[in-house]
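The values are calculated or read from the model by the stated rules, or taken from the named source; none is laboratory data. Bear in mind the structure is a predicted one, so any value in this text is a computation, not a measurement. We place every Cβ from the backbone using ideal geometry, glycine too, and count neighbours over all the protein chains shown. SASA here: full protein model, heavy atoms, side chains in, ligands and nucleic acids out. Shrake-Rupley method; radii C 1.70, N 1.55, O 1.52, S 1.80 Å.
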Amino acid sequence: MPTLVKNLGVARDDWTLLEAPVAPPHVPERAILPLAAWLEGGAAFKARTDMGVWLAGDADPEANAAALAALPLLAIHIPAFADGRGLSLGALLRTRYGFGGELRAFGDILPDLAPYLHRCGFDAFVLADDRAAHAAIEAVGAITGHYQASATAPLPAFRRLARDAAEGVG
Amino acid sequence: MYRYTEFDQRFIDERVAQYRQQTRRYLAGELTDEQFQQLRLRNGLYIQRLAPMLRVAVPYGTLSATQLRALADISRRYDKGYGHLTTRQNVQFNWPTLEAVPDILADLATVEMHAIQTSGSCIRNITTDQFAGVAADEAVDPRPYCEITRQWSSQHPEFDWLPRKFKIALNGAAADRAATQVHDIGIRVRRDAAGQDVFDFLVGGGLGRTPAIGGVIREGLAVEHLLTYLEAILRIYNRYGRRDNKYKARIKILARAMTLPGLKERVDAEWAHLQDGPGTLTAAEIQRVKAHFAPPAYAQQADATALLAERRLASPAFNAWMRNNVAAHRAPGYAIVTLSTKLTGVPPGDVTDVQMDAVADWADAYGHGEVRIGHEQNFILPDVPLGQLPELWERATAQGLAAANLGLLTDMVCCPGGDYCSLANAKSIPLAEAIQRRFDDRDYLHDLGQIDLNISGCMNACGHHHVGHIGILGVDKKGAEFYQVSLGGNAGDDASLGKILGPSFGREEVPDVIEGILDVFVQERREAEPFLHCVRRIGIEPFRQRAYANAG
């Protein structure tokens, strides 16, 4: 059974992911809509604060970035576990477009992708089952220091280490 | 050379533990073959025809004597006592067990080595000029920038799951010994008029199924922008590179689809967001890494001119080796020596544990404890005092590492081919040997001059056949092994892709075909004209005719 990991813990999923568009009056509470359906819903949808949107890995969020960034939840579909497009998309939403809500990955997610997702700003990912969910949580802590700046490390290692050295921090 | 900081060492150690855990989960049945494949590939482990193959990273081809001894030791304990030098300056072991790989990686980590990203759809080992730092024709030492790029590319959060493998090469000398025009990104480091290091970026070169020459996408980029500009290119590639067809997934295909100016526009727009951001290199960081590559203290050497002249007169073999395998060093009194692995009867690039130990000893005895691996699959000793060349030559001869054929026909580049590789259509090693046996006359080879003969066992082009002056590609015709021959490729400054002669040949025909090609060259060449020049001047038609006549 698909298991949600949120903030590095197993969590209950109280959102409903809608694969296909649903007519506006029938959209349930806390629904995650496909991007196209949400755009079609216009101002009525944009006014709702309990609605999320999901994006395909090849989506270009640039045109709607400000509206998307105001949503409580954005989800990115990972169609195959070795498909890294969602990583760039997530990183852009978090670091360039200032999205502060829940950033969720769903689809074909291997636990070993979790460290990458986490560093690209995802705070939620849906794993295949409970064992995979726990493996994903464990995987995030496997490497404690990376070289690059990321959503979890605003500075690259060379700046961090130089700053720590200057401040006399071990 | 670069030595790990505590931070670097911890990263490598934790990576070993991470991979050990991944292997354990696979063996416990928690990961499918397909899932584990992606994980093991990112740690250099292929499952080959006969056994797993582990590719160890040798960043930009630089090894210490200590590291080389560790590789020799690994080949003894986990393999059959030999290793293979690859065209990406790495070392491969063909016979480890899957279960032993975490232990091998732990051993490697004790000497600051790893197998991270030596395969898989990610940023591969950064390569450079095997003479970097010592070449007489070098403007800027590219190694600090290679190391900075290596660190940046190691488990990058965004770019470890790319559409396809991604190869970056840097070159800082007048001659392009790093083949920058046939890499996904080629970076040329030079000093500008103001005396500052700057980069010219090429994008979209590559071999494989659709060979392409890279185009210039940025000129004169200041060094502090190295990583942010790379990030911009990689982000565009990661987002827009094709993932529906692995044969159309390299950045060269994206560059063709977008056109080079179109790609440049996207990259520059992306870079505008990143420029001067936290990824910008600091002067302190560049200086820190450069300090690791400061030239060693070169001692004043006694004049060896008379000694060398006397020995060269006395021994034609030593004379040939001096002429072909010894290159000019930037420090007076020193030379750069290439130890050829291309002895007839030995698969190109294969070296035994005994040879590895010997080369390590020579690096200590005749140098500063450093060894290089070149993309032509040879060892290089970068700092040999001229007066010690005769002694080194004698010892190398005794170890079968003094073949005086560097740059000549028999110094061929060759992938492991169908003897080992499960991707190969055809064997390449027996063919290389057949050619070496046919053309083993030292004077004849020397008269022919520089000829790059490159052999790949399949379209993946690990043997770089497209850029061989003579390229040979193994093809499958209804289950039988055949070989397609091309002429006029070149990996150097004026890179070009070879033109295919025509229908492929059977393996036993290939030596006759090569002989026919060489006969035409000898007949048509003007004075000391190089082979490549001659092919470019007269075109492939005369060669084609003789080749097919000889194939009978």
Q. Under 8 Å by Cβ, and 6 or more places apart or on different chains, what pairs join a residue from the range A:43-69 that is under 16 Å from B:R235 (Cα atoms) with one that is crowded, with 17+ Cβ neighbours inside 10 Å and of a type in the set (D, E, K, R)?
A. A:G57/A:D83; A:G57/A:R85; A:D58/A:R85; A:D58/B:R239
Q | Complete set of residues in the range B:356-396 that are more than 21 Å from B:Y334 (Cβ to Cβ) and surrounded by fewer than 24 Cβ atoms within 10 Å (Cβ to Cβ) | A | B:D357, B:H375
Q.
Could you tell me how many of the residues in the range B:437-464 are on the phi < 0 side of the Ramachandran plot and either of a type outside the set (A, V, I, L, M, F, W, C) or open to solvent by 40 Å² or more (accessible area, probe 1.4 Å) (or both)?
A. 18
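For every residue, the table says whether it meets (1) within 27 Å of B:Q275 (Cα to Cα); (2) within 14 Å of chain A (Cβ to nearest Cβ).
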position: B:G214; (1), (2): yes, no
position: B:A222; (1), (2): yes, no
position: B:E231; (1), (2): yes, yes
position: B:R239; (1), (2): yes, yes
position: B:R243; (1), (2): no, yes
position: B:Y247; (1), (2): no, no
Q | Tally of residues being open to solvent by less than 20 Å² (accessible area, probe 1.4 Å) and more than 10 Å from chain B (Cβ to nearest Cβ) across the range A:112-133 | A | 6
Q: Please find, among A:P61, A:P2, A:P28, A:P34, the residue that is farther than 27 Å from A:T95 by Cβ and open to solvent by less than 80 Å² (accessible area, probe 1.4 Å).
A: A:P28
Q: Select from the range A:41-60 the residues that are away from chain B (no Cβ under 11 Å), more than 11 Å from the chain's Cα centre (by Cα) and not aliphatic (A, V, I, L, M) and list them in ascending order.
A: A:G41, A:G42, A:F45, A:K46, A:R48, A:T49, A:D50, A:G52
Q.
On the basis of being open to solvent by 30 Å² or more (accessible area, probe 1.4 Å), touching a helix residue (DSSP H, G or I) at 6+ places or on another chain (Cβ under 7 Å) and not assigned by TED's automatic domain parsing to the domain that holds B:L207, does B:I538 make the cut?
A. yes
Q. Is at least one residue of the range B:360-380 within 19 Å of B:A136 (Cα to Cα), at pLDDT 95 or above, in contact with a Lys or Arg (Cβ under 6 Å, 6 or more places away or on another chain) and part of a strand (DSSP E or B)?
A. yes
Q | Selection within the range B:158-175 - within 14 Å of chain A (Cβ to nearest Cβ) and either of a type in the set (D, E, K, R) or part of a loop (DSSP other than H, G, I, E, B) (or both) | A | B:E158, B:F159, B:D160, B:W161, B:L162, B:P163, B:R164, B:K165
Q: Return yes or no: is B:R242 open to solvent by 70 Å² or more (accessible area, probe 1.4 Å), over 26 Å from A:A149 (Cα atoms) and touching a Pro at 6+ places or on another chain (Cβ under 7 Å)?
A: yes
Q: Could you please give the count of residues in the range B:98-157 that are open to solvent by 10 Å² or more (accessible area, probe 1.4 Å), charged (D, E, K, R) and either within 14 Å of chain A (Cβ to nearest Cβ) or not in a helix (DSSP H, G or I) (or both)?
A: 6
**Q.** Check on B:M53, open to solvent by less than 10 Å² (accessible area, probe 1.4 Å) and either modelled with pLDDT under 95 or not aromatic (F, W, Y) (or both)
**A.** yes
Q: Give me a count of the residues in the range B:208-222 that are surrounded by fewer than 18 Cβ atoms within 10 Å (Cβ to Cβ) and of a type in the set (V, I, T).
A: 2
Q | the range A:70-104, subset under 18 Å from A:L33 (Cα atoms) and assigned to a helix (DSSP H, G or I), residue farthest from the other protein chains (Cβ to nearest Cβ) | A | A:L93
**Q.** Of all residues in the range A:139-149 being of a type in the set (V, I, T) and in contact (Cβ under 8 Å) with a residue 24 or more places away in the chain, the one that is farthest from the other protein chains (Cβ to nearest Cβ)
**A.** A:V140
(Q) Can you go through B:V267, B:V289, B:V337 and tell me which one is β-branched (V, I, T), closer than 30 Å to B:Q151 by Cα and touching a Pro at 6+ places or on another chain (Cβ under 6 Å)? (A) B:V289
Q.
Being under 17 Å from the mean Cα position of the chain (by Cα) and at pLDDT below 90: is that true of B:C421 here?
A. no
Q. Tell me, which strands (runs of 3 or more DSSP E) lie completely within the range B:8-86 with 3 or more residues that are under 27 Å from B:C146 (Cβ atoms)?
A. B:52-56, B:62-64, B:82-85
Q) Given the structure, is A:A136 more than 8 Å from chain B (Cβ to nearest Cβ) and either aliphatic (A, V, I, L, M) or surrounded by 19 or more Cβ atoms within 10 Å (Cβ to Cβ) (or both)? A) yes
Q. Could you list, in sequence order, the residues of the range B:289-315 that are open to solvent by 80 Å² or more (accessible area, probe 1.4 Å) and within 30 Å of the chain's Cα centre (by Cα)?
A. B:P295, B:A297
Q: Can you tell me which residue within the range B:180-207, out of those that are in a loop (DSSP other than H, G, I, E, B) and open to solvent by less than 10 Å² (accessible area, probe 1.4 Å), is nearest to the other protein chains (Cβ to nearest Cβ)?
A: B:D184
Q) Only one of B:R3, B:R10, B:R15 is within 11 Å of chain A (Cβ to nearest Cβ), open to solvent by 40 Å² or more (accessible area, probe 1.4 Å) and more than 22 Å from B:H84 (Cβ to Cβ); which? A) B:R10
Q: Report yes if B:P261 is within 21 Å of A:L89 (Cβ to Cβ), open to solvent by 50 Å² or more (accessible area, probe 1.4 Å) and at pLDDT 95 or above, otherwise no.
A: no
Q. Do you know which of the residues in the range A:150-170 that are farther than 19 Å from B:R288 by Cα and free of Cβ contacts under 8 Å to residues at least 40 places away in the same chain is least open to solvent (accessible area, probe 1.4 Å)?
A. A:A153
Q: For the range B:158-178, name all the residues that are open to solvent by less than 10 Å² (accessible area, probe 1.4 Å) and at pLDDT below 95.
A: B:A178
(Q) Condition first: among the hydrophobic types (A, V, I, L, M, F, W, C), touching a helix residue (DSSP H, G or I) at 6+ places or on another chain (Cβ under 7 Å), in a helix (DSSP H, G or I) and more than 8 Å from every other protein chain (Cβ to nearest Cβ). Can you find one or more residues in the range A:153-160 that meet it? (A) no
Q: Would you confirm whether any residue within the range B:516-526 is among the β-branched types (V, I, T), outside the structural domain of B:G206 (by TED's automatic domain parsing), surrounded by 22 or more Cβ atoms within 10 Å (Cβ to Cβ) and under 26 Å from the mean Cα position of the chain (by Cα)?
A: no
